[in-house]
Each structure stands twice: as C-alpha cells, then as structure tokens.
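The values are calculated or read from the model by the stated rules, or taken from the named source; none is laboratory data. Here the structure is a predicted model, which is why all the values come from computation and not from measurement. Neighbour counts are summed over all protein chains in view; Cβ atoms, including those assigned to glycine, are modelled from backbone coordinates with ideal geometry. Ligands, DNA and RNA are excluded from the accessible area calculation, which covers all protein heavy atoms including side chains. Shrake-Rupley method; radii C 1.70, N 1.55, O 1.52, S 1.80 Å.
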Amino acid sequence: MRSLVEEGLIIAWEELGDLKTEITLVKKVNSGFDFGTSSVSDESSTNIVVQAVIFESKTRNGLETKEVFFRHEDVGKINQYSKILIDEESWDIGPNIINDDGFTKYLYVNRRGR
Amino acid sequence: MSKYVTTETDIFSVFALETWTDEDIPTHPANYTANDHDTEFIRISIIPGSSGINSNSVEGILMIDIFTSAGYGDRRSLVIADILDQFLVKKTFSSSGRTTQIFESTLVSSNDNEDETLNRKIYTIPFKHFGVN
C-alpha cells in the first residue's frame, strides 16, 4: 500500500510542474557546543536545496507567514533545519506543522519586521 | 579541579546525555554565540553564590532561559520546563569525592525580551556542590 501511495506521489509531484520552486533548507548545528568537554566545536551549518510549493504570504501583527509544501523524502525530519531560504531571503520555520502524513509535509515559515 | 569547574562539569553532564540531545532542544551555555538563529532554544547560566560547608563547596542557582517563538502562546515553554524538571529536579551527581545536588525548580515569565520574535521564560533551580578539603 505504501509503495502505491509513493508511486502516486511521484506522478502528482511531476504534475505540479513549475508551481514548484527551488528553496534552500539550512541545517541546524545542534548547539556547536560540547557539554561533555565544555568547549566549542567548529562545526558549520550545511544547506540542502529541494523543490517545494510556496503559497502566498499573509501578514498579521507584523508577522509575515508563508505556507510551504514538501515531499518527505526530500527533507526528512523538519526539526533538523533552522531556517529556509526562499529567493535568498531567510524565513524561520514555525513551530506548527500543518500536516505531516509521512509522505508530504505542509508547514508555516515566518519572518517579522519587513 | 576547583569547585567552580567541577560544579559546571557536573551540571553540564546532564546536557551531554544522549537522552537530552534526543529531546531536540538546542542548548547553549551563557556567553556562547550560536551560528544559527534558532526559533527555540535554552541558555544555561550557572550562578555560584555563597560558599558551602568548606572552601571546596559552593551553593548557587542554575538559571535557564527558555526561548520559544513569540506569538504562539506559552505551552511550548511549559513543556520544555517540564522536560528540564525530568532531567534536573532532585538529581545528585557524585564522583571523585565530590557531590552536586540539584533541588526544586521555579519558572517565571520575563518582560525583558532580547529578541521580539522570541518569548522568554526563566527557569531557576538551586544547587549545592560539596567538595572535600
């Protein structure tokens, strides 16, 4: 059953065509500080580029929000990322995920004060 | 090692545990500049106070700032505080003739937000470190 859904998703994802946009996910450096040795590591953050569907922005109380739709297989666990770059602009990943069914992820990203 | 360094070593050992890192809460010590702008993290400050029962002992406060995204309510801060309680409240660390005890926590809101996109709560918990002369 799972493979049937995955095959369907591949076709549906292709059908989205140019509605998809390339975005960059910036991975968290999980602290960069080693609590075992009380010292700073020189680990730097790494980025991955994936395709996503970006929905229009909404602004409320100075907080601008977009909804972003990914394939799960492209991104994995979303909490490994600290932010998203859309058109080279940085957006924070909101704490609320709209939907995560194991095949796709649909979530809010936001930024303030622009 | 001195009492201050051993106190830090004992308390920081909690945040080096795999069970803590599995909680996925970015954790920074005070006076540390993170590379990323996290929307959720904690910052740990160890504040030594008075001397304890001898010159190798010290009492103080462990202060943890809990930062979460502003505008989403307090629930996530409270969840993180409860997780911290599981790792810290009434815990004792002993090694090489020294002991660090941690007691009960309190949680207060802070109006002194350093970043308007973040909500800050202050979690505090007293500790006593006993060393031998």
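Details
- If you go through the stretch B:66-115 and keep only what is basic (K, R), in a loop (DSSP other than H, G, I, E, B) and either crowded, with 16+ Cβ neighbours inside 10 Å or in contact with a helix residue (DSSP H, G or I) (Cβ under 8 Å, 6 or more places away or on another chain) (or both), you end up with just B:K91.
- Subset of the stretch A:91-112 [open to solvent by less than 50 Å² (accessible area, probe 1.4 Å) and touching a residue at least 24 places away in the same chain (Cβ under 8 Å)]: A:W91, A:G94, A:G102, A:F103, A:T104, A:K105, A:L107, A:V109, A:N110, A:R111
- Subset of the stretch A:81-90 (residues that are within 14 Å of another protein chain (Cβ to nearest Cβ) and surrounded by 14 or more Cβ atoms within 10 Å (Cβ to Cβ)): A:Y81, A:S82, A:K83, A:I84, A:L85, A:S90
- Among residues of the stretch A:45-72 being without any contact (Cβ under 8 Å) to a residue 40 or more places away in the chain and among the charged types (D, E, K, R), the one that is most open to solvent (accessible area, probe 1.4 Å) is A:R60.
- Search result, residues across the stretch B:26-52 that are open to solvent by 10 Å² or more (accessible area, probe 1.4 Å) and of a type in the set (A, V, I, L, M, F, W, C): B:A30, B:A34, B:F41, B:I46, B:I47
- If the condition is being at pLDDT below 85 and more than 17 Å from A:K27 (Cα to Cα), then the stretch A:81-114 contributes A:N96, A:I97, A:I98, A:N99, A:D100, A:D101, A:G102, A:R112, A:G113, A:R114.
- Scan of the stretch B:23-57 for residues that are in a loop (DSSP other than H, G, I, E, B) and more than 11 Å from every other protein chain (Cβ to nearest Cβ), ordered by number: B:G52, B:I53, B:N54, B:S55, B:N56, B:S57
- Any chance B:T9 is at the interface with chain A (Cβ under 10 Å from one of its Cβ atoms), farther than 30 Å from A:R60 by Cβ and open to solvent by 80 Å² or more (accessible area, probe 1.4 Å): no
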